[in-house]
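For reference, the structure discussed in these notes is given below.
The values are calculated or read from the model by the stated rules, or taken from the named source; none is laboratory data. Source: prediction; values computed, not measured. Using ideal geometry, Cβ is built from the backbone for each residue, glycine included, and neighbour counts are taken over all protein chains shown.
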Amino acid sequence: MYKLIIRPILFWFDPEKVHYFTFSLIRTVSKIPGFTSIFKSLYEVNDKRLEREVFGLKFKNPVGLAAGFDKDAKLYKELSNFGFGFIEIGTLTPKGQEGNPKKRLFRLQEDSAIINRMGFNNGGVLEAVERLKKNSGVLIGGNIGKNKLTPNENATSDYEICFDALYDYVDYFVVNVSSPNTPNLRELQEKEPLTQLLNTLQTKNIQRYNTELVTLSEVEGRSAKPILLKIAPDLTNEQLLDIIDIVKTTKIAGVIATNTTISREGLQSVNKIEMGGLSGKPLTNRSTEVIRFLSEKSNKAFPIIGVGGIHSVQDAIEKLEAGASLIQLYTGFIYEGPALVKAINKAVLKKSL
Ligand SMILES: Cc1cc2nc3c(=O)[nH]c(=O)nc-3n(C[C@H](O)[C@H](O)[C@H](O)COP(=O)(O)O)c2cc1C
């Protein structure tokens, strides 16, 4: 039904307008009595065997919604009814910002892909906090970044502001230094600035958790709020080895692999000339390769959330088998529809993964 009827209609219109339209539609429909139960019965798979305990948190299933879809935490409750085990909000920045000029979101239909150069458009972290105060029961990841106008030298304080504001309202944090759409942001993935940034946040984490008793080693993946690092798929093997080192020295809880790519290899669609980050099918293999590399070279030392080009059950299984403990969807959710979430959960059950 989604791919045959709904998608062709939606794909007729401008992608960003469709995003906001779908948003309001889901919100409106969810308010009609009975519809929440209908969504749940259509898309949720409730089974104890799907539950996962990762970095000290209990996930009802391993399939999450990736960052960028519900940047402002406006729809996480309704979206969770589509069968997701967790929802990642953000990227949020301290101050609200418009993002890049429109048009900034492009479909590449022949490639089952999207290019976006949204540029962290969001209403600011404080507005999102107000919405999150109403949360009851959805497991939320808080993805944080820096404002466009904040120079990299001062980036740490932007991340700290977001961290502090969200601390009581999210279950885990994601430090996003891998978006290609904020100028120079990805330079923060270099070993020195990244170690400094993560150490600062971990120190804050310990202070927030317990000012006296907890040491850094006790924080590791368990006691305080799990902090994850989201990385780009364009890092070299050497840089990935650095990431493994950094995770170990800063004792953060894990890694999200991967964000969108700046590569344009093998694309067919005319929109391939657009600037921005590429997501969807063309990213599937590279992101799985990054997951496998991190998992093998670190000897499974930390959990990985696998994301990038999951458009089928097979794509999801490959990521889990490559070493991901959890997975996330974005572009696959747009192209394949919510039935994909259920199909993946059912396959995970069947394969006993
Ligand atoms: C329109 C759009 C906006 C995105 N915004 C963010 C963002 O704000 N923060 C972030 O960490 N990732 C963002 N992403 C990246 C996704 O979370 C995901 O890492 C990436 O798209 C790869 O997964 P996919 O192929 O399933 O889409 C965005 C992706 C898209 C398509």
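Summary table below
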| quantity | calculated |
| --- | --- |
| Checklist (1) touching a Lys or Arg at 6+ places or on another chain (Cβ under 7 Å); (2) surrounded by 21 or more Cβ atoms within 10 Å (Cβ to Cβ); (3) over 20 Å from ASP234 (Cα atoms); (4) of a type outside the set (Lys, Arg) applied to PHE302, failing item | (1) |
| Members of the range 99-158 that are aliphatic (A, V, I, L, M) and surrounded by fewer than 17 Cβ atoms within 10 Å (Cβ to Cβ) | LEU126, LEU149 |
| Criterion violated by VAL18 - all others in (1) buried (at least 17 other Cβ atoms within 10 Å of the Cβ); (2) away from the ligand (no atom under 11 Å from the Cβ); (3) not in a helix (DSSP H, G or I) satisfied | (3) |
| Residue list for the range 319-338, restricted to those being more than 14 Å from the ligand (Cβ to nearest atom), of a type in the set (Gly, Ala, Ser) and not in a loop (DSSP other than H, G, I, E, B) | ALA322 |
| Candidates ILE344, ILE273, ILE305 - the one that is among the aliphatic types (A, V, I, L, M) and under 21 Å from THR91 (Cβ atoms) | ILE305 |
| Index of the failed condition, VAL341 passing every other in (1) more than 10 Å from the ligand (Cβ to nearest atom); (2) under 19 Å from LEU241 (Cα atoms) | (2) |
| Neighbours by Cβ (under 7 Å, 6+ apart or cross-chain): first from the range 101-115, more than 19 Å from VAL307 (Cα to Cα); second of a type in the set (Lys, Arg) and at pLDDT 95 or above | ARG104/ARG117 |
| Subset of the range 126-156 (residues that are within 13 Å of the ligand (Cβ to nearest atom) and closer than 19 Å to TYR172 by Cα) | ALA128, GLY141, GLY142, ASN143, ILE144, GLY145, LYS146 |
| Filter result for LYS230 (outside any loop (DSSP other than H, G, I, E, B), modelled with pLDDT of 95 or more and either buried (at least 22 other Cβ atoms within 10 Å of the Cβ) or within 11 Å of the ligand (Cβ to nearest atom) (or both)) | yes |
| Close pairs from the range 59-73: first on the phi < 0 side of the Ramachandran plot and without any contact (Cβ under 8 Å) to a residue 60 or more places away in the chain, partner of a type in the set (Phe, Trp, Tyr) and more than 9 Å from the ligand (Cβ to nearest atom), Cβ under 7 Å, at least 6 apart | ASP70/TYR76 |
| Lone qualifier among PHE120, PHE163 - being in contact with a helix residue (DSSP H, G or I) (Cβ under 7 Å, 6 or more places away or on another chain), within 16 Å of the ligand (Cβ to nearest atom) and among the aromatic types (Phe, Trp, Tyr) | PHE163 |
| Search result, residues across the range 12-29 that are under 24 Å from ILE344 (Cα atoms) and modelled with pLDDT of 95 or more | HIS19, THR22, ILE26 |
| Residue, surrounded by the most Cβ atoms within 10 Å (Cβ to Cβ), within the range 264-298, restricted to residues that are free of Cβ contacts under 8 Å to residues at least 40 places away in the same chain and closer than 15 Å to LEU320 by Cα | ILE291 |
| Residue in the range 303-318 that is more than 15 Å from ALA347 (Cβ to Cβ), within 16 Å of the ligand (Cβ to nearest atom) and in a loop (DSSP other than H, G, I, E, B) present | yes |
| Answer from ILE114, ILE87 - the residue that is in contact with a Pro (Cβ under 9 Å, 6 or more places away or on another chain) and in a strand (DSSP E or B) | ILE114 |
| Unmet requirement for PHE55, which otherwise passes all of (1) more than 15 Å from the ligand (Cβ to nearest atom); (2) more than 30 Å from THR156 (Cα to Cα); (3) under 19 Å from the mean Cα position of the chain (by Cα) | (2) |
| Strands (runs of 3 or more DSSP E) wholly inside the range 24-74 containing at least 3 residues that are surrounded by 13 or more Cβ atoms within 10 Å (Cβ to Cβ) | 63-65 |
| The range 160-178: number of residues that are of a type outside the set (Ser, Thr, Tyr), within 13 Å of LEU139 (Cβ to Cβ) and surrounded by fewer than 21 Cβ atoms within 10 Å (Cβ to Cβ) | 1 |
